[in-house]
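The values are calculated or read from the model by the stated rules, or taken from the named source; none is laboratory data. Please read all numbers here as calculations on a predicted model, not as lab measurements. Cβ coordinates were reconstructed from backbone atoms using ideal geometry, including for glycine residues, and neighbour counts include every protein chain displayed.
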Amino acid sequence: MSEALLDRPGVSFRSTRDPEITAGTFDSLVNGLASDGGLFVPKEFPEAFSDNFIANLGNLNLSQISERVLGKMIPETVIDDKELQEMMEVAHNFNIPMESLSRQIMVLWLSEGPTASFKDVAARAIAQLMEKYCEDESTPKNIIVATSGDTGVAIADAFGGSKWVTVTVLYPANEVSPVQEAQMQEAARAYKNVQCLPIDGVFDDAQNIAKILLAARDTPDQTAESVTALVEKAMGEYNQSDFTPDLAKKLIEGTRELDLSSANSINIWRLIPQMVQYFYGYGQMVKKGRIKPGEEIVYAVPTGNVGHLMAGLYAKELGLPIKKFIVASNENDIMTNIIQDGVIKHNGLRDVDGKKKAKKTWSNSMDIANPSNLERLLDFAAQKVSPNAKIEYAGMKKAIQNFDINEYPEGVPLADFGVTPEMLEYLKANLYSYSVDDDTTIAQMHETNTTSDNGTVLEPHGATAAHAIPKAINDNFISDNDQVIILETAHPDKFPDALEEAGLKVHPHKVHDQLEALDSDQDTVLAARENVVTAIDQVLAAVQDIANASAERRAV
């Protein structure tokens, strides 16, 4: 098994927009976004794992797989074998159970981590990496994170109590489940280096605030040209009519000394650890005798921001035998329209104060209308089949942000932005995307409970994946003999209203200690709802406050 650790040159990273903008392990980690607004992706992938390693995955625990997968990506000169092993033992000191739904379908319960979310795997790994960087460099970092549900508490818990890192979580007020909000506010109460701020809007608004603050961080000065560029970027993504040059100057000045970083899936180091889940699930399938070593399987992945899917594609690139991916979404169907039809189109948008926003659904973590990792997905496809394609990502993002179905009932073709027919064919050949409405999601939760091998209770996100599987079979994307793993992303007990709607009780055989101890009516939650943040400069002030308090604690 030592073969995976003998040679560790690691990888370097480049921007999706300008390949000349590159970064190593820690530069890509702490910067989050590339300076041109692009996302970091591997310049080249390392050599794939051997067949012997794949065959023996079932004999490794989660931390051992993490050590080897991250070891493929991190040069030994950056983190040596012993330290990487110790870091992953701290990060991944829990198990991920697997359960049978049928002869064809298994469920990987990624919800069994410390905060009952699949984000625990990535969050706890990135926390170890960031803490090492800050400790080695004696440099604090102030992380800003947008969440549609589970990322926030996973990041807050992973970084809670850190000496060097503060965390500001932005979540859409009235858009997350009461349990998820209670988890975030409990983490903020428990840790002095964590704050969780409800934002007036939806997830895309919170994500855009984080992106704009990072862009302001990277704006070199307050010249008219720089300020104009920041305003144009902000108006393209933030949709705030009063984003003035004065506000841009304020952000540039305010972020200059803040050492801002990110831990959303816009950060490549949130994606890389998520590959571990795919390797672990494959190993469990071999261990349970569902497949033979080397046999290909299918993963059914609920997705909103596309980060989880990208981790799977990267895992396949490293040699994991994945045949295809089933990509499930809810009524916010932009990814289904992109993958299946090659067009920008939202059918699920709602009008909020005159602005088009993602629709609120039972599967709230996928209530996203502007998926950040779409840029990585298209870049990946381009490298596969159209390496010379010139894609206008900035224009594409603006078109997604401002899409109006009345103006473009058939959608806006991705070809308008340089996406080639070969890229679209590649996506459709490897990914099957299907959107599931709320009523069908609830019906699927009930059906799974009554027909599965063990009376399984899925939560809404996993239910969308379960519903998409027979659709993929009927459309001849996969066969009814393919073995499929559903990635269950959150604990069912986080969604009591959805369970009640489906006629189900709290999960009968998977009780999570943190959720059992949580009081969703605690005063901290109610207090947070009385202080909803309505403007980006309020977020900046809050980040400055927690950064100052953290500096004072370090000085004591």
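Between Leu29, Leu57, which is surrounded by 22 or more Cβ atoms within 10 Å (Cβ to Cβ) and over 24 Å from the mean Cα position of the chain (by Cα)? Just a single option satisfies the conditions, and that option is Leu57. Here the stretch 476-512 is the region considered, the condition is being part of a loop (DSSP other than H, G, I, E, B) and of a type in the set (Asp, Glu), and the residue that is modelled with the highest pLDDT is Asp482.
Could we say that Asn373 is of a type in the set (S, T, N, Q), touching a residue at least 40 places away in the same chain (Cβ under 8 Å), under 20 Å from Ala472 (Cα atoms) and touching a Leu at 6+ places or on another chain (Cβ under 9 Å) here? So Asn373 does not fit the description; no.
One residue stands out among those in the stretch 1-16 that are modelled with pLDDT of 95 or more and not hydroxyl-bearing (Ser, Thr, Tyr): the one that is surrounded by the fewest Cβ atoms within 10 Å (Cβ to Cβ), which is Val11.
For the stretch 375-393, name all the residues that are more than 16 Å from Ala328 (Cβ to Cβ) and outside any loop (DSSP other than H, G, I, E, B). Matches in the stretch 375-393: Glu375, Arg376, Leu378, Asp379, Phe380, Ala381, Ala382, Gln383, Lys384, Val385, Tyr393. Once the stretch 118-146 is narrowed to residues that are of a type in the set (D, E, K, R) and either in contact with a Lys or Arg (Cβ under 9 Å, 6 or more places away or on another chain) or more than 13 Å from Leu29 (Cα to Cα) (or both), the residue that is surrounded by the most Cβ atoms within 10 Å (Cβ to Cβ) is Lys119. Is the stretch 328-345 home to any residue that is crowded, with 23+ Cβ neighbours inside 10 Å, basic (Lys, Arg) and either touching a Cys at 6+ places or on another chain (Cβ under 9 Å) or more than 20 Å from Gln383 (Cα to Cα) (or both)? The answer is no, given that none of the residues of the stretch 328-345 is crowded, with 23+ Cβ neighbours inside 10 Å, basic (Lys, Arg) and either touching a Cys at 6+ places or on another chain (Cβ under 9 Å) or more than 20 Å from Gln383 (Cα to Cα) (or both). When Ala146 is tested against (1) more than 22 Å from Ser329 (Cβ to Cβ); (2) of a type outside the set (Lys, Arg); (3) within 17 Å of the chain's Cα centre (by Cα), exactly one condition is not met: (1). Contact annotation: residue pairs with Cβ atoms under 7 Å, 6 or more positions apart or on different chains, pairing a residue in the stretch 219-230 that is closer than 17 Å to Gly254 by Cβ with a partner that is in a loop (DSSP other than H, G, I, E, B) and among the polar types (S, T, N, Q), are Ser226/Thr219; Leu230/Thr219.
Residues in the stretch 457-490 that are over 16 Å from Asp150 (Cα atoms), among the polar types (S, T, N, Q) and in contact with a helix residue (DSSP H, G or I) (Cβ under 9 Å, 6 or more places away or on another chain): Thr464, Ser479, Gln483.
Out of the residues in the stretch 147-183 that are outside any loop (DSSP other than H, G, I, E, B) and surrounded by fewer than 24 Cβ atoms within 10 Å (Cβ to Cβ), state the one that is modelled with the highest pLDDT. Let's see the steps before the verdict.
First, the residues of the stretch 147-183 that are outside any loop (DSSP other than H, G, I, E, B): 151-159, 165-172, 178-183.
In the following step, the residues that additionally are surrounded by fewer than 24 Cβ atoms within 10 Å (Cβ to Cβ) were identified as 178-179, 182.
Values: Pro178: 84, Val179: 84, Ala182: 88.
Selected residue: Ala182.
Using the structure shown, decide if Gly58 is assigned to a helix (DSSP H, G or I) and more than 28 Å from Ile266 (Cα to Cα). It would help to see each step written out before you state the result.
Working: assigned to a helix (DSSP H, G or I): yes; more than 28 Å from Ile266 (Cα to Cα): yes.
So Gly58 passes the test.
Do you know which residues across the stretch 95-105 are more than 22 Å from the chain's Cα centre (by Cα) and either on the phi > 0 side of the Ramachandran plot or not polar (S, T, N, Q) (or both)? Working first, answer last.
So the first thing to find is which residues in the stretch 95-105 are more than 22 Å from the chain's Cα centre (by Cα), and the list is 99-105.
Within the stretch 95-105, Glu99, Leu101, Arg103, Ile105 qualify.
Got a sec? Which of Ile536, Ile546 is at pLDDT 70 or above, surrounded by 13 or more Cβ atoms within 10 Å (Cβ to Cβ) and under 15 Å from Glu257 (Cβ atoms)? Only one candidate qualifies: Ile546. Restricting the stretch 513-533 to residues that are at pLDDT 70 or above and outside any helix (DSSP H, G or I), which is surrounded by the most Cβ atoms within 10 Å (Cβ to Cβ)? Among those that are at pLDDT 70 or above and outside any helix (DSSP H, G or I), it is Val533.
So for the stretch 239-248 (the condition being crowded, with 24+ Cβ neighbours inside 10 Å and either charged (D, E, K, R) or in contact with a helix residue (DSSP H, G or I) (Cβ under 8 Å, 6 or more places away or on another chain) (or both)), does at least one residue qualify? Yes, some residue in the stretch 239-248 is crowded, with 24+ Cβ neighbours inside 10 Å and either charged (D, E, K, R) or in contact with a helix residue (DSSP H, G or I) (Cβ under 8 Å, 6 or more places away or on another chain) (or both).
Just checking, does the stretch 242-249 include any residue being part of a loop (DSSP other than H, G, I, E, B) and basic (Lys, Arg)?
Here is the first cut: in the stretch 242-249, the ones part of a loop (DSSP other than H, G, I, E, B) are 242-244.
Next, only the ones that are basic (Lys, Arg) stay: none.
Checked the stretch 242-249: no residue is part of a loop (DSSP other than H, G, I, E, B) and basic (Lys, Arg).
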